[in-house]
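Student: Below is a structure I'd like to ask you about.
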Amino acid sequence: MKKYVVFILSFSLLYIVFQVLSGMLLTALYTPDFSSINNNVSQEVVFGQTSIIPFLGTLLVATLAYFLSQKIFIASNK
């Protein structure tokens with residue numbers, strides 16, 4: 001059980017770091033399309049909604065991968 005907790009914590013940390021770094025890279029490389037801007041530009045900034053469902057789905061897949069790899073490792077040692 002200790003190996004599983006270490007695996008899930010390290011996987012979660014790597015997932016979050018990857019998400020932050022990819023967001024920074026996408027933001028740095030973004031080029032806005034000025035051709036579609038009209039004269040009456042709104043100055044309001046709208047941020048998207050966030051959801052924890054993709055993260056939970058990824059944790060579920062990681063859990064299944066961990067237990068499947070443990071089962072295959074035990075089967076190969078017999």
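Student: Consider region 1-31. How many of its residues are closer than 20 Å to Ser69 by Cα and within 19 Å of the chain's Cα centre (by Cα)?
Tutor: Total satisfying the criteria: 10.
Student: Would you check if Leu59 is modelled with pLDDT of 80 or more and out of contact with any Phe, Trp or Tyr (no Cβ under 8 Å at 6 or more places or on another chain)?
Tutor: No: the conditions fail for Leu59.
Student: Step by step: first the residues of region 42-56, then only those that are part of a loop (DSSP other than H, G, I, E, B) and hydrophobic (A, V, I, L, M, F, W, C), then the one that is surrounded by the most Cβ atoms within 10 Å (Cβ to Cβ). Which residue is that?
Tutor: Among those that are part of a loop (DSSP other than H, G, I, E, B) and hydrophobic (A, V, I, L, M, F, W, C), it is Ile52.
Student: Suppose the filter is polar (S, T, N, Q), modelled with pLDDT of 90 or more and assigned to a helix (DSSP H, G or I); does Ser22 pass it? If you could, list the steps in order and put the result at the bottom.
Tutor: Values: polar (S, T, N, Q): yes; modelled with pLDDT of 90 or more: yes; assigned to a helix (DSSP H, G or I): yes.
Against the criterion (polar (S, T, N, Q), modelled with pLDDT of 90 or more and assigned to a helix (DSSP H, G or I)), Ser22 qualifies.
Student: Among the residues of region 10-36, how many are small (Gly, Ala, Ser) and within 20 Å of Ser51 (Cβ to Cβ)?
Tutor: The qualifying residues number 3.
The values are calculated or read from the model by the stated rules, or taken from the named source; none is laboratory data. Remember, predicted model here, so these are calculated numbers, not experimental data. Reconstructed Cβ throughout: ideal geometry from the backbone, glycine too, with neighbour counts over all protein chains shown.
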